[in-house]
Amino acid sequence: RIGSGDNIRVMHDPWLRGSANRWVPSPQPAGVYQLSVRDLLHENYKAWNIGKVRNLFSRDVAEKILETPLVSSVCEDKVVATNIMLWAIGMVFGKFKLRTRHIIYFGAYEIEDELHIFFRCAVARDSWSAVGLSSVLHNATYQQTNAMDRIFAVCGNESSDTVGRVAMLLWCIWHNRNDKLWNDNVQLPRQIGRHAFDAWNDWYSVHKLQSNNVSGTTEADLVRWEKPALDWVKCNVDVAFVSGSGRTSMGLCFRDSSGHFMAGMTQWQQTVISSVEGEACALLLAMEEA
């Protein structure tokens, strides 16, 4: 992820988008070997200096650089991996602007923050165990002092399958915490773990089918929209990419348990991102509006 760009070396760090060929290939003109990513941005605002990039690099390399997203809210440079990591962060931390509370455990006060909720409390620890991820939870490599850095460490070292399971588990823990807070409903850790396991399998199966270009779907096989349960609201999101426009458009729609339209929203960004990244941004937008 690109913050200021000062700490990412153009030719020496794997910073381009995608899971493969993330290094700028050699050879390149001698002058670019000393540049940082910051040198490819405009001076006064965070955007690619298109003219400079195209003058310095070949056409295919320049286009790959210009396709790499710049997010204004990211301030710190950090080299991380995989699209699923972006999805995990967007899903879990999109709405988790937790109001710090003090809670009592066996007579001692603890602060209820992200690290406590996702990693340290008894319910969270038992949920990690229930889904078969205890070895990840207790791995000495992933003991950072804040939740975001801990998740980035997991994403940078584990397989995409493990990262996906972790992402689903964090989502389920977050959902259970909110269900307790707002509805006084509580699931047991084994239920949270099972939900995370099933949700990941469903997600993986769908994307596996898509990657294999499965054809011949009949009308009976099509997924149809279903009303949410009584007193629940369902939000559907979608993302569109218009070739050549350099824009990513997204929309969302809220409906009640009768299927009636409640609210909707559309938005576009002047950046080109992948479908997974776009869906994560749309989910983030939906959770912010909920």
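Restricting the GluC sites (Glu not before Pro) of segment 17-68 to loop positions (DSSP other than H, G, I, E, B) with no more than 15 neighbouring Cβ atoms within 10 Å leaves E43. Modelled spin-label separation between N49 and H260, with each label point placed 7 Å from Cα along the Cα-to-Cβ direction: 5.7 nm. Given their separation in residues at 0.36 nm each and the Cα-Cα distance between them, Q144 and Q270 gain 42.0 nm when the chain is fully extended. Here the spin labels are modelled as points 7 Å beyond Cα on the Cα-Cβ line, and at H12 and S249 they lie 4.4 nm apart.
With the simple spin-label model, which puts each label point 7 Å out from Cα in the Cβ direction, the E67 to S134 separation comes to 4.4 nm. The peptide list 156-165, 49-58, put in order of mean Cβ contacts within 10 Å with the highest first, becomes 156-165, 49-58.
Each part reduced to its alpha carbon centroid, segment 228-257 and segment 26-55 end up 35 Å apart.
No lab work stands behind these numbers, since they all come straight from the coordinates. What you are looking at is a predicted structure, and each value in this text was computed from that prediction instead of being measured. Reconstructed Cβ throughout: ideal geometry from the backbone, glycine too, with neighbour counts over all protein chains shown.
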